[in-house]
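This report concerns only the one structure given below.
No lab work stands behind these numbers, since they all come straight from the coordinates. Just so it is clear, the model here is predicted, and its values are computed rather than measured. Positions of Cβ are backbone-derived with ideal geometry, glycine not excepted, and every protein chain shown enters the neighbour counts.
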Amino acid sequence: MSWRGIIEQYRKYLPVSAGTPVVTLNEGNTPLIPSKALSAVLGAQVFLKYEGLNPTGSFKDRGMTLAVSKAKESRARVVICASTGNTSASAAAYAARAGIRCVVLIPKGAIALGKLSQALIHNAQVLALDGNFDEALQMVREIAGRHPVTLVNSLNPYRLEGQKTGAFEVCDQLGVRAPDYHAIPVGNAGNITAYWMGYKEYREKNIVNSRPRMLGFQAEGAAPLVRKKIVLKPKTIASAIRIGNPASWKKAEEARDESEGLIEAVTDRQILAAYELLAKEEGVFVEPASAASVAGILKLHAAGYFKKARRQKKKFRVVCVLTGHGLKDPDRAILSVKKPKTIPAKLSALLEAIEL
Ligand code: AN7
C-alpha cells in the first residue's frame, strides 16, 4: 500500500483517535542514504536521514501534521508560530490544507528566501519582527496564552510527538535496530528531544534492543547549550539555528545525559565545509543548518571520539539527520561557488571552456 503519512504509519504510537481529522501531505518515509565518503573517513557505517525530502522541505512536517490535525480536532480557527523559516513554511502549508488561518512572526531579514516564499504563497499572514527569533517566540507564546490561537512551535507537545516518528523510521530502515550514534543540529532543541523520545519508546516497547548516543551540534555563535547561558545576539550563517534561548533547553540536556551523548559547537567554517562536502561528494543538497550534524561528526572524529567504538564494534552505525533541503537557501549556495562563465554561441568557445 502507498505511504499515507506519519499519522497513519505510526498511529498506534500517537495521541490520535478515530475522530481526529488527519491533515497530511504524506510526510515522512524519507530516505536513509548510506554515505560513502563519511563511512570511509569514520571507519563506520554512516547514514544520512534526508529530511529535506519532506513535503515542505524540512523535518518540521512530521510535527506539523499532528499539531495541525489536533488543532483542527479542537476546532481552532488560527494557528501561530515564531520561526527562523522552516516552521513557518510548514505551518503555512498544513494550515492551508486544513483551512485554518495561519500567522507567522519571523525575524526581519533573517530567514532564507525559499522559506519566506513558502510562507507567503501558502497565504499565511507573515509579520517581520524588528528583533530576533527568541524575542519573536516570547511574543507568540504570550499571545497564545491569552487569546484563542493555537501555538504550533515545538512547545506544542503534538509537534514533538509527530517528530519522534523520525526515530521510528530510522530504526525501521536499519532493519529494526537503533543506530549507535545519532547526530543532529540543535536550534530550539525540539528535534533532539523528539528523536530521543522516539528512540526511548521503541526501546521500552522492545521493538529494538538498544538506544543511540545523541550527538547534538549548535553553531559556535549560537551555542547556549554549550556555553550554559543564553546568547543574546546569536550569530551564524546557519539562519535556521540562529537561536540563543532554546525552548526545549532542559529536555535537550536530558536527552544528552540519558543517552550518554554530548552537545557541542561547530564553527560556520566547519558547517560550510560539510555543506559543500555533502553537495560535491554525496550529491545531497542541504541547507547550512543541516550540515551541522555532519560537521559535528567530522569534528568528533578528528578529536578521536569514535576510537573506542571502532575497537568495540567494527562497523558501528552513525545516523546524521539532514533537517532541511538546500533549495531553501539558494543565496548561500550561490555565495559558496564560482558564478557560471558566459561564452559566445560558438562551438569553439564551448570546447575551449570545457577543455576536452
Ligand atoms: C533546517 O523553523 O526553529 O532544534 O523556527 O530549520 O528542533 O529547533 C528551525 C530549526 C535544524 C533546529 N535544522 O531544530 C524554525 C526553527 C533546520 C531547522 C533546526 C531547524 P530544533
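When the alpha-carbon atoms of the chain are used, the pair Rg, Dmax equals 20.3, 69 angstrom. On full extension, the segment bounded by GLN312 and ALA353 gains 9.6 nm, given 0.36 nm per residue less the C-alpha separation. Looking at the stretch 1-122 alone, DSSP beta bridges between its own residues are antiparallel in about 40 percent of cases.
Multiplying the sequence separation of LEU262 and VAL41 by 0.36 nm and subtracting their Cα-Cα distance, what value in nm do you get? Kindly include the intermediate steps, with their values, before the conclusion.
Details: separation 221, 0.36 × 221 = 79.56 nm, distance 2.05 nm.
Full extension of this stretch gives 77.5 nm more.
Within the set of other residues whose C-beta is less than 13 Å from the C-beta of VAL149, count the net charge using Lys and Arg as +1 and Asp and Glu as -1. Its environment carries a net charge of +4. The listed peptides 176-183, 138-145, ordered by packing as a protection proxy, come out as 176-183, 138-145 (highest mean of other Cβ atoms within 10 Å first).
Its Kirkwood hydrodynamic radius, worked out from the mean inverse distance over all distinct Cα pairs, puts the stretch 1-90 at 14.9 Å.
Ellipticity at 222 nm from helices only: DSSP H runs of n ≥ 4 in the chain, each -39500 (n - 2.57), divided by the residue count, give -12000 deg cm²/dmol. Most simply put, the chain has about 15% antiparallel DSSP beta bridges, counting only bridges with both residues inside it.
In this rough spin-label picture, where each label sits 7 Å from Cα along the Cβ direction, the LYS108-TRP249 distance is 2.7 nm. Restricting the stretch 59-124 to trypsin sites (Lys or Arg not before Pro) that sit in a DSSP loop and have at most 13 other Cβ atoms within 10 Å of their own Cβ leaves ARG75, ARG77, LYS108.
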